[in-house]
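The values are calculated or read from the model by the stated rules, or taken from the named source; none is laboratory data. As the structure is a computational prediction, the values presented were derived from the model and not from experiment. No Cβ is skipped: glycine too gets one built from the backbone with ideal geometry, and neighbour counts run over all protein chains shown.
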Ligand code: OAD
């Protein structure tokens, strides 16, 4: 059995410099510094239980009673309206501008990668950008939903059907998984950032990587050690600010 190898910021900068097709897989940990709680970290939703993630993101529970989900959504949309992307989001967007980032595959529903300027984003768990009526399939945009959740407990369509944001619930198929897998398979460097890699099928994506894999996460990650796999237990913004310094230094 291989030991877990780590990688300092200079080593990561060297890999980034050498790479031409970087793909990044992000989880909730990239957004905690922006003020959004993660799921399984020390202040995560599963730990604090301020909301019950088992209920709010479960599709059968939503069909039974969308109220608890919308209670979370009211708070969540209020938060994401007013927050800014982190320095890690911005760094990833800059790598795309530099022509190095082929795709950012995210499990997050907060749209912060797009807000930071990334355009090649694959949101495998969907996001709040659009919503649909469960009965007549009419589409609603995020601005409509933001206003609706402030006015009513559960937003409904003109036809009376419940409106559901296009985020992926437990019990629903993830989105664009094949596109994400192809991107990972053709990457020469995969960055896995701020995810415990415990939720499948997204957690299986790193297995498609043929190049180097650098995992940066505080705490345990569900990925086995491997020849070209590096594990960094560090704060993301801090680590990548060091990486950026090394990239800028020659
Ligand atoms: P998790 O909460 O499982 O993992 C987030 C990880 O990020 C934890 O290990 C934290 O310790 C770490 N972390 C937090 N802040 C960090 C920081 N500043 N620097 C470095 N690491 C940090 O979140 P995900 O892996 O994204 O699914 O969870 C996957 C899916 O589980 C989510 O997409 C969601 C949830 O159920 C759906 O909503 C469908």
*When you look at residue 179, is it assigned to a loop (DSSP other than H, G, I, E, B), surrounded by fewer than 15 Cβ atoms within 10 Å (Cβ to Cβ), away from the ligand (no atom under 16 Å from the Cβ) and outside the structural domain of residue 41 (by TED's automatic domain parsing), yes or no?*
no
*So, in region 17-35, of the ones that are more than 10 Å from the ligand (Cβ to nearest atom) and out of contact with any helix residue (DSSP H, G or I) (no Cβ under 8 Å at 6 or more places or on another chain), which residue ends up farthest from residue 111 (Cα to Cα)?*
18
*Looking only at region 6-33, and only at residues there that are under 13 Å from the mean Cα position of the chain (by Cα) and part of a helix (DSSP H, G or I), the one that is surrounded by the fewest Cβ atoms within 10 Å (Cβ to Cβ)*: 32
*Assuming residue 98 fulfils every condition listed in (1) assigned by TED's automatic domain parsing to the domain that holds residue 178; (2) in contact with a helix residue (DSSP H, G or I) (Cβ under 7 Å, 6 or more places away or on another chain) apart from one, which condition is it?*
(2)
*region 182-227, subset near the ligand (Cβ under 10 Å from one of its atoms) and assigned to a helix (DSSP H, G or I), residue surrounded by the most Cβ atoms within 10 Å (Cβ to Cβ)*: 202
*Any idea which of 94, 153 is part of a loop (DSSP other than H, G, I, E, B) and modelled with pLDDT of 95 or more?*
153
